[in-house]
1. Spot the failing condition for residue A:96; the list is (1) under 24 Å from residue A:215 (Cα atoms); (2) open to solvent by less than 20 Å² (accessible area, probe 1.4 Å); (3) part of a loop (DSSP other than H, G, I, E, B), and only one is missed.
2. Based on what the data block shows, is residue C:167 within 24 Å of residue B:257 (Cα to Cα), touching a Phe, Trp or Tyr at 6+ places or on another chain (Cβ under 8 Å) and at the interface with chain B (Cβ under 7 Å from one of its Cβ atoms)?
3. Looking at the stretch C:190-221, which of its residues are open to solvent by 30 Å² or more (accessible area, probe 1.4 Å) and either facing another protein chain (nearest Cβ under 7 Å) or touching a strand residue (DSSP E or B) at 6+ places or on another chain (Cβ under 7 Å) (or both)?
4. What number goes with the only condition from (1) closer than 17 Å to residue A:43 by Cβ; (2) without any contact (Cβ under 8 Å) to a residue 12 or more places away in the chain that residue A:202 does not pass?
5. Test residue B:104 against the stated conditions and say whether it is at pLDDT 85 or above and within 11 Å of chain C (Cβ to nearest Cβ).
6. Using the structure shown, decide if residue A:260 is open to solvent by less than 10 Å² (accessible area, probe 1.4 Å) and either over 10 Å from the mean Cα position of the chain (by Cα) or in the same structural domain as residue A:44 (by TED's automatic domain parsing) (or both).
7. Of the residues A:217, A:235, only one is open to solvent by 40 Å² or more (accessible area, probe 1.4 Å), closer than 16 Å to residue A:374 by Cα, out of contact with any Lys or Arg (no Cβ under 9 Å at 6 or more places or on another chain) and not hydroxyl-bearing (Ser, Thr, Tyr); which?
8. Run down B:208, B:179 and say which single residue is of a type in the set (Phe, Trp, Tyr) and crowded, with 16+ Cβ neighbours inside 10 Å.
Amino acid sequence: MSAAAPAGAAPTEGTSAGTDLVLRGLRKSYGSFTAVHDLDLVVPSGSFFALLGPSGCGKTTTLRMVAGLEEPTSGQIMLGGSDVSRLKPYKRPVNTVFQSYALFPHLSIAENVAFGLKRRGKKKVDAEVAAMLELVELSDLAKRRPAQLSGGQQQRVALARALINRPQVLLLDEPLGALDLKLRRQMQLELKHIQTEVGLTFVHVTHDQEEAMTMADTVAVMNKGRIEQMGAPEDLYENPATTFVANFLGQSNLVAGSVVEGGGETVALDVQGTRLTAPRARLATDAPQVWVGVRPEKITLTRAGSPAPSAAAGNLLAGGVVTDISFVGVSTQYVVRMPWGQELSVFLQNTGAHERLVVGDAVDLHWSPDHTFCLDASQDARAGVEEDES
Amino acid sequence: MSAASHLPGGGASAASDDAPRKRGLGGYLLLSPGGLWLVVFFVVPTVTLVATSLYDPSGSLQLGYAMTWHWQNYTDAVVDYGPQLLRSLQYAVIATIACVLMGYPLAYAIAFKGGRFKNLMLVAVIAPFFTSFLVRTLSWQYILGDNEAVVSLLRWLHVLGPEGHLLATPFAVITGLTYNFLPFLVLPLYASLEKVDRRLLEAASDLYASPFTAFRKVTLPLSMPGLVAGTLLTFIPAAGDYINSELLGNPTTRMVGNEIQDLFAAGDYPTASSLSVILMAAIVLLVAIYVRRAGTEELV
Amino acid sequence: MSTATPSATATAPRSAGSRFTRWLGDNVVLLVGLLVLLYMFTPVFVVILMSFNDPAARNSYSFDGFTLDNWTNICGPLGMCEALRVSIEIGVLATLVATLLGTLMAFAMVRHRFRGRAAANIVIFLPMATPEVVMGSSLLALFVNGGVSGLLGFWTILIAHIMFCLSFVVVTVKARLAGLDPRLEQAAMDLYANEWQTFWRISFPLVFPGILAAALLSFSLSFDDFIITNLNAGQEVTFPMFVWGAAQRGIPAQINVVGTIMFLIALAAVVAGDVLARRRAGR
């Protein structure tokens, strides 16, 4: 798993390999519990890299090892070609934006921002501090104390305090977790903008899939101390390699099935006696038993027996009954019970193109074979399902 | 007091789970000077005290003592000083109860009604204690004196007889004990009450609890850690005290502390030591029972 | 609250009397609390009053007349100022040593992981849970058994005071340190501050109020202690011992002057500290 992981994320187009962040066989154990399993990872210089996973998956531990706040049990952390894994945190060209910011409460905003420069022996820091505060739009608050600032402002101070040191890698530990939803969306855009502007490598740890996908060039999905899959956000979403990724990134309908014929570009599948097809490229396993997956928004509903709209033609599962409908503004979410008892979700855009359905209607499910993916049936179909969301 | 403890999102929970402590020799290095001091001048002396309590009492400071495992020191101490020992524990219990009756409303008032005068009220709790312990105990001699206002008022109200007095009575001793150890109850209790989330009380009243029920079912249980700590900090020193008894009492109010002090002054180290050990044992026993009850059962 | 309003207006406007009862119901705790505070201050008033007393007789402890003599002639009573000097010296030394050692211990307990933490915790806690007379007699037993009973005096008092102040320092500083987010220290290290700089620029300033409180507590504990001191003092006389001796013979009014001055100094220190904290926070 680990060695193969970077395959999807190798846009090492530039020749900046010299300042890449490279993790080799990085492991962290606490007694018998292993938080991070032999991680291998290359974060290309200048990229915005996200480590995404549920709490306790080892993403923060990984970040803290890179920062030097946690000592690896084994493995190496290479930065700009040299091994930094045993260096003290203050000897590493890495800075962190901490969860809940960790601003020094007894120092002013300007003093907080100047802290790193001063520790490195710089005497005249005022101009730099002013410029940095300008960048994060906090110039008029320079003399305040952290406690006098709002959450969003504190977040920007934390960012400025780290950025001013021009680290080779900036680590962000759930930097937006303490903000409310609206502010979080706004800060996501700002962060992305700042990263593009300063051109530094950002490594961003988060459990918020939307945040990771909005900002990062490359997302690595972590689960139980390992990287499950890594790649560009669209790639991960469209081609999940494991049930965990399929469920943790958005939602998926996973139906048990088997590969019955698979010679050419497409494979034929048998699902509860119905024949479906999927592109061969979207098979994540060689085993004959598979989870046949499709995203809820890729499915179209028609009344039982009606023909499929052309875009969604190809795969058909018939005999569903609508059991629940919730209207969420841009879309309507349907729950459809299939003849074999499983409930599938279907999201329909509220474009006005669809017929209004009510609970109890008999429906057919249509989607394009191109949107069908197949995962290893030995994996837990509910891995990565977030119970508190949806 | 300042902003450090009120960081948004940070706070104690973040401090505890997310920060692995440093390993290595650093801890021992920091700990050892003070730790050694406590071992040499607290732990070792306590062991020595127990040893001394078993010495042959026929020795003396000048001639030296012989270790004869003289258990009879203990029976002698109990026989000779049993009443004082019981009296000490009794006075300490009464004083502790009095402290709770006065200290709880005070701590509660500071925590919930103090508003912007909170800090001022806290200072007011501590401030009297910067006048020397003995000086303020002596001032009770004046307050409770036969010719002063309190006694006159009580005589006029016929609470006291015409010859009745307060000074040199158990009442005076217990008043002094209560007064002197009250802040030790108020401060930890305040710290506990301060942490009680107001929203819990609102939730309780939303769930049909009267203010009194809300107090009994929510505030009181949540303040138990502070109350237990406070009562211990009151009871323990009160049980060993002899200043109040000496300055405000009479020969029939003598407490075990008086006897220990006098025995040491008279040079009877073995008996004095065994009496000390008995006092300590009695306190440990009572405290253990108390903490157990307070910890496992709901105190209603 | 809002649901109650209609019924209240429907019946009759509340009388001033019932409003007072209601106010009383809300604030009865506050009133009791203030009464208790008054009780706590009564002896202080007496001490201040007595510092202006002109006693008619040596043994009289009643207010006989007003005079400023006690204030102009503080050191009048034989040996009192000498005892005061001894107490202050011991108090300052004990505070310095106990605060230093105790602060180090608090850092060890909160920021370090090592074997024997539980045992260390018990050893720190026990002195606070031991009656003074037991602690005092233990130490005396040690000194006597160690054959140094002839040396009882200034240094044995100091040793004892450092011992019983230590636990209180550890507990006070620990409480402050435990409330300090360790990520602040990590953030400093992340921002190129080495261990030494992290301590002096972040940990120390943030824990300082706790250390200061611990030092004040130490001094007042040491300055006030009688029971342990009395057992281990030999021929040395501290201020509380002087008061004790005087209480048997007749109390010089100057004792109350010292009590009043101590009270005023402490009050001034607390007020100054609060003003400083406020000014800092407001900047």
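The values are calculated or read from the model by the stated rules, or taken from the named source; none is laboratory data. Given the structure is predicted, the values throughout are model-derived calculations rather than measurements. Here Cβ is always computed from backbone atoms with ideal geometry, including for glycine, and neighbour counts include all displayed protein chains. Heavy atoms of the whole protein, side chains included, go into the accessibility calculation; ligands, DNA and RNA do not. Shrake-Rupley method; radii C 1.70, N 1.55, O 1.52, S 1.80 Å.
1. Tallying (1) under 24 Å from residue A:215 (Cα atoms); (2) open to solvent by less than 20 Å² (accessible area, probe 1.4 Å); (3) part of a loop (DSSP other than H, G, I, E, B), residue A:96 fails exactly one: (3).
2. Taking the combined requirement at face value, the residue does not satisfy it.
3. Matches in the stretch C:190-221: C:194, C:197, C:205, C:209.
4. Going through (1) closer than 17 Å to residue A:43 by Cβ; (2) without any contact (Cβ under 8 Å) to a residue 12 or more places away in the chain one by one, residue A:202 breaks only (2).
5. yes
6. The answer is no for residue A:260.
7. Going through A:217, A:235 in turn, just one is open to solvent by 40 Å² or more (accessible area, probe 1.4 Å), closer than 16 Å to residue A:374 by Cα, out of contact with any Lys or Arg (no Cβ under 9 Å at 6 or more places or on another chain) and not hydroxyl-bearing (Ser, Thr, Tyr): A:235.
8. B:179
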